[in-house]
1. So what's the Cα pair-distance distribution over segment A:1-60, bin width 10 Å, in %?
2. Which entries of A:K43/B:K203; A:K82/B:K243; A:K14/A:K210; B:K203/B:K254; A:K190/A:K271 have Cα-Cα distances beyond 20 Å here?
3. Distance from the Cα centre of segment B:97-167 to that of segment A:164-194, in angstrom?
4. Can you compute the charge dipole magnitude of the protein assembly as shown about its Cα centre, using +1 on each Lys and Arg Cβ and -1 on each Asp and Glu Cβ, nothing else charged? Give it in debye, rounded to the nearest 20.
5. Roughly how much of A:I52 is accessible, in Å² to the nearest 10, using a 1.4 Å probe?
6. Taking N as the number of residues in chain B, what is its Cα Rg relative to 2.2 N^0.38 Å?
7. Would you work out if segment B:247-377 is rounded, prolate or oblate? Take a ≥ b ≥ c from the square roots of the eigenvalues of the alpha-carbon gyration tensor; rounded if a/c is under 1.5, else prolate when a/b is larger than b/c, oblate otherwise.
8. Considering only B:T264, B:S286, B:F304, whose Cα is most displaced toward the positive end of the charge dipole of segment B:264-306, charges sitting on Cβ of Lys, Arg (+1) and Asp, Glu (-1)?
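The values are calculated or read from the model by the stated rules, or taken from the named source; none is laboratory data. Quantities reported herein were computed from a predicted structural model and do not represent experimental measurements. Note that we place each Cβ from the backbone using ideal geometry, even for glycine, and neighbour counts take in every protein chain shown. Just the protein is used for accessible areas: all its heavy atoms, side chains included, with ligands, DNA and RNA removed. Shrake-Rupley method; radii C 1.70, N 1.55, O 1.52, S 1.80 Å.
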Amino acid sequence: MPSNLIKEYYREDKLPHIWCPGCGNGIVTRSIVKAIDALGLDKNDVCIVSGIGCSSRASGYLDFNTLHTTHGRALAFATGIKMANPKLHVIVITGDGDCSAIGGNHLIHACRRNIDITTILYNNNIYGMTGGQYSPTTPTGDKGTTAPYGNVDPNFDLCELAHAAGASYVARGTAYGAIQLQKLIENGIKNKGFSLIEAITACPTYYGRKNKKGSAVNMMKTVKEGAVINKAWDKLNDEQREGKFTIGELYNESKPEYTEQYAKIIASFKKED
Amino acid sequence: MTIKLMQGNEACVEGALRAGMRFYAGYPITPSTEIAEISSIKLPKLGGKFIQMEDEISGMAATIGASLTGLKSMTATSGPGFSLKQENLGFAVIGEIPCVIVNVQRGGPSTGLPTAPAQGDIMQARWGTHGDHAIIALYPNSVREIYDTTIRAFNLAEKYRTPVILLLDEVIGHMREKIEIPEDSEVDIINRKKPTCPPEEYKAYELKEGDFVPEMAPFGAGYRYHVTGLVHDETGFPAGADKAEDLLNRLISKIEDNVDDICTYEEYMLEDADTAIVTFGCTSRSAKSAIKSLRKEGYKVGMFRPITIWPSPEKQLIELSKKVKRIVVVEMNAGQYFLEVDRISGKNTIVEKYGRLNGEIITPDEIISVIKEGHNA
């Protein structure tokens, strides 16, 4: 018996989803839907845009205006949509590879513009759909199908990157802490500007198996244990921070929003008439 | 009718605005930059939007995104930028998203000759994106024709729910000519068909009887649907390989079955010609001048100029091949459109190519000697 949430916001006939057993993507997707529900947004005013990869398949399951784009380009398509129709709540679903490798340039520029798009970054530290290659967030030394001897690349902190690039709202949650994640997404949607909510999730099929991280349940426990709320994080020294990451609202500042600034230019011509 | 002195790139923007363009996203690249610059000045005055994106790829993506909200959208680029747009151009093809992509050509490959004219993107316009597909590409040869053809590009994009490529030559894009701007009443504007059914009955990619494209609802109008670059069925959702053939054949045939509506061309002094020059864009102007001189000397030469370069005006080229003894394809590349003309006309008549790659336009004198040489041979 599907829940009311599924009846109201999912395309029931498109389920079951393609995600592997133990994958956290379903939880993150549910948190997005719960956030939309809690905010009482009209489904017709919500536009979900995704790129390519496991997480990006979420758009097809959700009953909104949905767009499944090309690899890495979700934010670029979303920018066109938001700019053309600022009334829409534009939510981008993307993965760590999609968002920060092939789509890295679009990410930093969407942040810089502070355009009112809410981006939910499903971070499972691996390219899942193509079979477990290392991504820009795979921890250094960890293995992937293209890092058989351990990943040499240093990994990205995408929240820091987004903040440095100009995003006005940056937060990190986890698939374990689904209720907190929902709240962070709600705040991100409410923020008039670019919001990045990184959702730490787990890929037991590829990342977990390659790196001997144990069962899906075990991986979820690791996510839980690694997450430190930001107030506590500040009190930790470098050694204590090893293997852990900070969660919660990391940055929240008020800045001019892009489409509003452009609307002022349009309005200035109307006055002349 | 208003008479104005106008640059080709400017005429492109003016035509686009007349057609109803209200969104432009792009990335600056020579020799197309004036299209972005003028759009940035004019669009907000009309309540439209201009955005300079971070790269060519995002320029194409944002153009598609805006079109999905219902705005007529355009992007412009040149050489290397056109290459970068190709993946998302394919997305617009399979997703049936109307938009106009202007390519003011420059020499290539790679950075090539940034400020010099070339006609080397004929095949890239046709086959630049991956996979099997049909495409519409238009190729005007004067500032006035850029104005008209840009309007037509939008009309075809809306009518056939497809990206339309507008190929321009650098020399015409940057040239200034006196043009007559037609009255509103003289200009036909086509807008995409929107659904009239209730949202719950709407299938985003369902073909209604008698239609060749599905009705298109703008995002945000209450018709919640899914758009994907994957092979999809009439609901818009991903479908298996068994649907691929149906979908791709429909996308190809909506254009190929309507070639007579899509194809425009110019025939010049072909009535009694034994030799035909096939050419387009700026080279057609040299050809016309060459033909005038050659005619004075008694040579029976004429010109066939495709304005719609893709799909090919196959019927007309076959007819031509049966009429003339010799066709010379004149183009500023190493023989790209020659391949197409030879494929179509080669079995009936001699098809030759004449090209150049040094970033200089082909002059009437050159064409005159090419025609004379062949004539004497």
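1. Reading upward from the zero bin: 19, 58, 22, 1.
2. Details: A:K43/B:K203 17 Å; A:K82/B:K243 32 Å; A:K14/A:K210 30 Å; B:K203/B:K254 18 Å; A:K190/A:K271 30 Å.
Table pairs above 20 Å Cα-Cα are A:K82/B:K243; A:K14/A:K210; A:K190/A:K271.
3. Each part's Cα centre sits 41 Å from the other's.
4. Numbers: 73 positive and 80 negative charges, 209 e Å.
For this selection, approximately 1000 debye.
5. Accessible area, nearest 10 Å²: 60 Å².
6. Working: Rg = 20.9 Å, N = 377, 2.2 N^0.38 = 21.0 Å.
Against the compact-globule rule of thumb, the ratio is 1.00.
7. Working: a/c = 2.01, a/b = 1.64, b/c = 1.22.
Here segment B:247-377 falls in the prolate category.
8. In segment B:264-306, that residue is B:S286.
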